[in-house]
Every structure is written in C-alpha cells, then in structure tokens.
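Working notes, structure below.
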Amino acid sequence: MRAPCCQSAVANARLGLSVHGLAVKAGLDANPYVGSSLMLMYARHGRTAAAEHVFAGIVFRDLACWNAMLEAYISNGYACDAMRTVVQLHRCGITPDVFTNISAVKASSINSELNFGRQLHGLVIHNRFESSTSVMNALVDMYFRAGQQDMAIAIFGKIRQKDTVSWNTVISGLANDEEVKAATDCFVDMSLYGCKPNQVTLSVMLRLCGAKENTSLGLQIFGLAYRHGYSEKLLVANAVINMLSRCGLLHSAYGFFSNLSVRNIMTWNEMIAGYGLHSSSEDVMKLFRSLLCFGSKPDEFTYPAVLSAFQQAHDSRNHEQIHACILKHGFASCQFVSTSLIKVKATLGSVHGSLKVIEDTGKMDLVSWGVTISAFLKHGLNDEALYLFTLFRDECTQEPDEFILATILNACANAALIGQCRCIHSLVVRAGYSKHFCVASALVDAYAKCGDVTAAESVFTDVSLVTNDTILYNTVLTAYANHGLIHQVLRLYREMEELQLAPTPATFVAVISACSHLGQVEEGKLLFSSMLFAHGVHPTRANYSCLVDLLARKGLVSEAKDVIEAMPFQPWPAVWRSLMNGCRIHGNKELGVLAAEQILRMAPSSDGTYVSLSNAYAGDGDWTSAEETRRMMAENKVQKVQAYSSVEI
C-alpha cells in the first residue's frame, strides 16, 4: 500500500508545482487568495522554504496569508519561525483570528516558551477570545506541557462549552503527569457532562493504566472500549496491548493481538515491546519473524523494541541476526536504531562491535553520543567510555551537554582519574555548567572518589550559593562519610535541616554511618526511626544495613540479629557480613558462625567468609572445625582473591 501512496504524493506535488507555474504566468502568484493556497500546498508537502518564497512575493498580505505561513512553520516543526511570524503580524497591526491564536499558542507550546505563551494568553483575554473553545483548548495544552498543571486546570474550568478535545486535552495532561486519580475523575466527569469518550480518550486512559500497572482500572476501560465498539480500532487496540503487557498479562495481550483482524506496524511494535519488558528474547524473535512473514516492514521503532529484549536477556546470538536485518533494510544510519544497537553491544561487552556501529552510523547527534557513553559506563567499561568521549570531541562539532559531562565525570570517579577529572572540570567551566546541580554533584563525587576532598568542597561551596539541592548535599555527605570526616557529616546534615531540604534514603545512609563510626548508637537509632515517622521516607536495604552495622560495631549483636529478622526484605549477604564482623570483634562465636553459614548459603563462593569462619573456629581452639571449613573451601574451588591497586599514569 505504501508505494501507491508515495506515488500519489509525488504526483500531487508535481501537480502543485504546475499550478504554481500557471499562477506565475497569469500574474496571480502575488494574489493573497492564490498565494495562501500555494503556501498551504507547500506546507503539506514539507516544503517550507517554497512557502516562504511565496509569502515573500505577496505585497498586500491579508490574515489568510499570515495564517497559511504559520501553518507551514508549525506543521513542519519550525516553532521559532512561527513565533517570529506572530510578532511580525502584530507589528503590522493585523488583528488575529481564532486560527492565528491557536497557531501562536501551539508554537509557544512546542518551543517550551512559557513567557511567550503567557503574553499570548493576555492577548487572548484582551481580544476576547476566551469564548473560543479551540483557543482555550490550546492554552490548556500549553500550560500542561510547561508543567503548570494548576493553571491548565483553571483555564479548563473557564471553558464554557467543553467539547471532546477539551476533555481529552486535560485527561492527556493529567496522564502525562501520571495523576491516575485526577485523570480517572476527569474521565468520569466527562461522561457525566454528556460528552462521550472517543478513541483518543480511551487510548490515553489505557496507556496510563499500563504505565502505573493498574490492572483493575485498565480492564474496566478495556470493557468500556469493547462496549462502545472501539476495541478493534487500531489506536485503542494498540493501547490495549500496551496496557495488558505492562500489567503482566502477556498471555492475554498476545491473545488479543492474535484475534485482531487488522494490524499496523505499531501493533506489532507494541506486542514486541510487551515481550521485551519480560525479557522473552526468544518470543520476541519469533514475533519478529512472523512480522516479516506477514509482509509487514519494520520501522525505526521496531528494532529498538526487539533489541531491548536482547539487552535485558543478554542474548548475544539473536542480536547479530537483527543487526544484519538493520543493515539489510537500510536503518544503519538511523540514530535511534543505532543507539539501541550500541546499548546492546555495550551490555554484551562488545566494544569493537559498538565502535563499528558508530562508524556505520556516520554523524551522530548529541543525544546519541550521550546515550552511547552512558551505556558503556553502565556496564563498567570506564576506559572505553573515556575513549568514546575523546572520539566525540574529535568528531562532533557540538559542545558536550550537561548529561555527557556528568556521565564522563562518573567514569573519572569510578577509575579514580584525578588528572582527567580536572580536565573535564575545565570543560564544565568553559561550557557554563559549573553551577548546574547535576554536573556539580558529579564533580563533587568525582573529586571525592579521587581523594581530593578540598576540591569537592570548593565545587559544593560555589554551587550552594546559587541552588540548594538534596542530591548535591547527599553527594557531599557521602564524600565526607567515605573519607571518615564524621563531624562534617553531622554538621552538614544539621545544615540541611535548617534549610528544610527533604532528606532521602541516601541522606540517612551517610548520617547513620557517621553515627556508627562515632559509636553514637542512640542517635543513630533515633535517626533511623525518624525516617518514616518524621520525614515520610521508607527505609531501604542500605538503611537497614547501616543500622545493623551500627548495632554490631557497638557489640549489640543480638539486637542487630533481631533487626535482620524483622526487616521487610529478605536478608542478603552484606547485612549478614556486618553482623559476622561485629561478632568477630566482640567475641560472639555462636552468632558469628550463624551469620557466616547464612552468607555461605546465599553466596557459596564468598572467599572472605570461609576465611573469617575458619579464623573464628581457630581463635576458639576448635581446630577440627577450622580444618573442615578450609576443606569445604577447597572442595568448592574457592580461592582467596588477591587485592591490587592501580595508579593513574
């Protein structure tokens, strides 16, 4: 079906050019009515420059000409030019109509220009367009996109005659903010208002239920869609597959998919992505083969969905076949596809393969470089990430953004490369990101892990003059705790309290660890209990681990054991190790042996645990048990791992 459509589009474009030629010969190209029609024709074919040429040739432009030019810009993604045109229109003294206002608001929304949008809102009120439902709908959408939910809802409330688009706009806005209850209430109110939900409404609600894994509500919306005859409509059907897959009902999703009489490529993509969520790489491969057998052509979203499953399942066999398909179908230069391919290869540790994909892709944009460097770092390939950053600097004409700078600083931190860290710091200053809290946090962390606490403090002091952020404070707290600067940890935590910064679990990890090192058991226990009751922060595994360490270090090993047994999580080796170390220090052999046995049950290859257990028996004079432990270690082929150090050259 695609080839005839393409031929038709080309034929229409040629016909349009012929008509334009006739208009020029007849001297009608400067006629506002003819000119506006020509501009709209060019806009529909994505030829914005041609539309601009026609617009420039019209001497006496009426409002229809300006509106046509706005349509050309907005429909082809030139929001900045559309905003500039709106300003020119007002300077020419032309009074805008409903369409002008809608286009202007759309332009500010696309370009995330809230201040410009507010000015337009003022003009809407001044020119008395508040009675226009379409204009008000555009304003609601603009404020939602700008993160101004309260303002968007307030404007929605002022719409006198709410239509389906009005309700869909506010429901979509609430859904994008993941406000399930508010979106559901609005959905119910829509029906009470007498406005029937359409495909868009149901699709948005189904996807929201999928995102929040709300199976009960999702199935109710599905039932409503079925009752209204929308379940076979592709927009809704694709959303149903998405919802069922995300809610874990993969078998039901596939059953629904199989029974559909009509499918498009997005339907296949949703089903593939559903299997990918559950790491079913073999099922994904079967589905991909079925897609090809049915004569459907994969698009730029199909391959990332397929590759995502291989990434999660660490499937090194099938991903090479998909790579071959990508090359065969001409998607090697598509950055969205190539970035997904690089992420899979980075997961599998194929550095050479990743570099080959970069070479095949050609010129990569800033986002693709950022994702690629991040993928290498995520899988512990620090040196390779640093090499990629060097490659990026050589091949990309753009300066690194805050995401890339923060990522590469994390690589410097992991490898403790103080020299590289200082070089990146100079880039940060030059690029103007030294006051950006995300980059500053990465800088503080990098300097701290490289051992330069003074430089970390200096960065923190500079940034804290501009912004106070919990993440930034947590980074410094962790740096102090790791370097044994216990009193500084407690001082900074008190400063956070004075600034009324909301603490996170990471905050309490650092502070309780500080109490542990100072032996302040009661203070540490009080801080732990304050997490939930005073701050509404649910303790994580790391927080429980700190509490156990606090008690075990002080010799309260029985109390530490009670905490382990009362945790809302299954115990893990590290928490038992804290107890075992406490028992070793304070001479509680019985509990120490219990802790060691628990560790070996969960991690039978833990060399340190065998050694500690053997030493505990030997220290108590139980040479038989000590020898038995050493024998078990040999039988399980566990060897004591030799430690090593590295230095930056």
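The values are calculated or read from the model by the stated rules, or taken from the named source; none is laboratory data. Everything numeric in this text was worked out from a predicted model, so none of it was measured. Cβ atoms come from the backbone with ideal geometry, glycine included; neighbour counts cover every protein chain shown.
Here is how the numbers come out for the structure above:
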{"read-out": "Residue tally, condition in a helix (DSSP H, G or I) and over 16 Å from TYR610 (Cα atoms), over the range 583-593", "value": "2"}
{"read-out": "Residue match in the range 272-289 (condition: within 30 Å of HIS329 (Cα to Cα), of a type in the set (Gly, Ala, Ser) and without any contact (Cβ under 8 Å) to a residue 24 or more places away in the chain)", "value": "no"}
{"read-out": "Residues (more than 16 Å from ASP141 (Cβ to Cβ) and part of a helix (DSSP H, G or I)) located in the range 183-195", "value": "THR184, ASP185, PHE187, VAL188, ASP189, MET190, SER191, LEU192"}
{"read-out": "Among residues of the range 118-151, those that are β-branched (Val, Ile, Thr) and more than 21 Å from THR164 (Cβ to Cβ), counted", "value": "2"}
{"read-out": "Any hit, the range 253-271, residues being β-branched (Val, Ile, Thr) and over 27 Å from GLY229 (Cα atoms)", "value": "no"}
{"read-out": "Checking ALA534 against (1) over 23 Å from PRO573 (Cα atoms); (2) over 26 Å from the mean Cα position of the chain (by Cα); (3) crowded, with 18+ Cβ neighbours inside 10 Å, the condition it does not meet", "value": "(3)"}
{"read-out": "ILE418 buried (at least 20 other Cβ atoms within 10 Å of the Cβ) and farther than 24 Å from PRO505 by Cα", "value": "no"}
{"read-out": "Tally of residues being assigned to a helix (DSSP H, G or I) and either crowded, with 19+ Cβ neighbours inside 10 Å or out of contact with any Asp or Glu (no Cβ under 7 Å at 6 or more places or on another chain) (or both) across the range 421-436", "value": "10"}
{"read-out": "Test: residue in the range 559-577 that is more than 40 Å from the chain's Cα centre (by Cα), at pLDDT below 95, surrounded by 15 or more Cβ atoms within 10 Å (Cβ to Cβ) and assigned to a loop (DSSP other than H, G, I, E, B)", "value": "no"}
{"read-out": "Neighbours by Cβ (under 8 Å, 6+ apart or cross-chain): first from the range 127-150, within 18 Å of GLU113 (Cβ to Cβ); second outside any helix (DSSP H, G or I) and among the β-branched types (Val, Ile, Thr)", "value": "VAL140/ILE159"}
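Let's see how each residue does on (1) buried (at least 23 other Cβ atoms within 10 Å of the Cβ); (2) modelled with pLDDT of 90 or more; (3) assigned to a helix (DSSP H, G or I); (4) touching a strand residue (DSSP E or B) at 6+ places or on another chain (Cβ under 7 Å):
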| residue | (1), (2), (3), (4) |
| --- | --- |
| ASP283 | no, no, yes, no |
| GLY295 | no, no, no, no |
| LEU307 | yes, no, yes, no |
| ASP315 | no, no, no, no |
| ALA324 | no, no, yes, no |
| LYS345 | yes, no, yes, no |
